[in-house]
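Derivation of every value follows stated rules applied to the coordinates shown; laboratory data play no part. On a predicted model such as this, the values are computed, not experimentally measured, just so you know. Neighbour counts run over all protein chains shown; Cβ positions are idealised from the backbone, glycine included.
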Amino acid sequence: MKYDYLIVGAGLYGAVFAREAMDAGKKVLVIEKRDHIAGNVYSEKIEGIEVHKYGPHIFHTSDREVWNYVNRFAEFNRYTNCPIARYKDEQYCLPFNMNTFYAMWGVKTPQEAEAKIEEQKKEAGITEPKNLEEQAISLVGRDIYEKLIRGYTEKQWGRPCTELPAFIIKRLPVRLTYDNNYFNDLWQGVPTDGYTAMVRRMFDGAEIRLDTDYFSDRAGFDAVADKIVFTGMIDRYFDGQLGTLEYRSLRFETEVLDCSNYQGNTLVNYTEYEIPYTRCIEHKHFVLREQLDNPKTVITREYPATWKPGDEPYYPINDEKNDALYRKYRELAEKDPKVIFGGRLGGYRYLDMDKVIALALSDVKKYL
Ligand code: FAD
Ligand code: UDP
């Protein structure tokens, strides 16, 4: 065998695995079907502005090992994510905090806000939330659910909130303080020279073949390495023999505007159902103030989309049916000593970047 590891996919998981394997003296070949490295964290310059091609990416973590790790490959700015939500002609701060409650109800103290939420929760008669709608109402009351959650969530997932699992909404912080920071983590930021540069440094010294799909010559690729690290779709690896896992897809529409500051914020969420996109990203604001003298700006509107085989799989749909099917694929995976499944597609789970890095670091310890 020419290589110790064939790494399929040049995303974050593949990059960390490759880095650690090379540092341990192993020989790796990386293949990537897209024409660039970095997977979904890929960013590129348009009009001098770093554009996040596959959706806005904010690095946040409370894991010291992961934070120290990424800082070896990039310098991070102090970007703090504070999205704005627009509902018709109204505007609110996210995540749900005292600024949101004040704008919604005119309440100024945590006690008043708590009482308002409690009153709306009582009116709805919810004791044990059974679905996303009930979970949302018991967290923030009916008004916020109707204006800021229902439309956004139903666009995002293409299903009524009453048919969605409660856990989706549990990720969002609810705070009785005037704090618009979207994340609770200890560390947060964006690499000052972009994610692609960070991932390129992780891959330093690796042999990478772009525009190369593993399935274009499966037998050939299997023959070059002792082990395969596969970060694509686990069901596709097994030829869908047990059935097809489902995903939700996205479509991004990017525009360059002759305007130095279009919306005054990186993220504006459009929470009403009638507007087909969920959010608008103005990329220059990731870089704090330095870019405002650029007379142009780049914006991206993010449209949720149904997924069919062949489309880009952005979000796994972790309902009972898909999770049960995934468990069956896992059983197959455990019987195949040649392959290690990694990353968000290999594990059929939504994972933030820090979790993907932590997973890759722990897998490397396990397998090397
Ligand atoms: P990927 O980045 O998907 O990499 C897998 C790679 O494998 C891809 O490049 C793919 O082309 C390649 N591949 C697949 N099949 C094959 C094949 N057959 N042959 C060759 N190559 C193949 N995380 C955060 O922490 N903060 C955020 O703000 C954030 N925002 C996000 C916003 C959106 C819209 C989305 C979808 C995700 C977001 N994430 C965020 C999550 C983040 O994108 C992931 O954690 C990360 O990209 C996962 O890395 P990965 O290596 O597992 O997968
Ligand atoms: N959400 C919402 N309104 C918003 C933002 C988020 O209802 O303005 C809900 C929605 O159900 C979404 C979930 O919160 O799926 C998680 O949002 P987050 O921004 O964490 O998810 P991401 O879009 O990054 O996957």
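Worth pointing out:
- Of the helices (runs of 4 or more DSSP H) contained entirely in the range 77-186, those carrying at least 1 residues that are among the small types (Gly, Ala, Ser), touching a Phe, Trp or Tyr at 6+ places or on another chain (Cβ under 7 Å) and within 15 Å of ligand 2 (Cβ to nearest atom) fall at 98-105, 132-140, 150-157.
- Residue that is surrounded by the fewest Cβ atoms within 10 Å (Cβ to Cβ) [pool: residues in the range 203-259 that are acidic (Asp, Glu) and at positive phi]: ASP239
- Residues satisfying the stated conditions in the range 307-338, i.e. within 23 Å of the chain's Cα centre (by Cα), acidic (Asp, Glu) and in a loop (DSSP other than H, G, I, E, B): ASP311, GLU312, ASP319
- The sole residue among LEU242, LEU250, LEU176 that is under 22 Å from the mean Cα position of the chain (by Cα) and over 30 Å from LYS27 (Cα atoms) is LEU250.
- Checked against the criteria, GLU133 counts as away from ligand 1 (no atom under 16 Å from the Cβ), in contact (Cβ under 8 Å) with a residue 12 or more places away in the chain and of a type outside the set (Gly, Ala, Ser).
- Criterion violated by ARG171 - all others in (1) within 16 Å of ligand 1 (Cβ to nearest atom); (2) under 16 Å from GLU272 (Cβ atoms) satisfied: (2)
- Selected residue [more than 22 Å from SER249 (Cα to Cα) and within 16 Å of ligand 1 (Cβ to nearest atom)] from LEU12, LEU94: LEU94
- Filter result (buried (at least 17 other Cβ atoms within 10 Å of the Cβ) and under 14 Å from the mean Cα position of the chain (by Cα)) within the range 44-80: HIS52, LYS53, TYR54, PRO56, HIS57, ILE58, PHE59, HIS60, THR61
- Residues satisfying the stated conditions in the range 187-210, i.e. away from ligand 2 (no atom under 16 Å from the Cβ), assigned to a loop (DSSP other than H, G, I, E, B) and under 22 Å from ILE46 (Cα atoms): THR192, ASP193, GLY194, LEU210
- Test: residue in the range 289-301 that is loosely packed, with under 14 Cβ neighbours inside 10 Å and farther than 30 Å from ASP185 by Cα: yes
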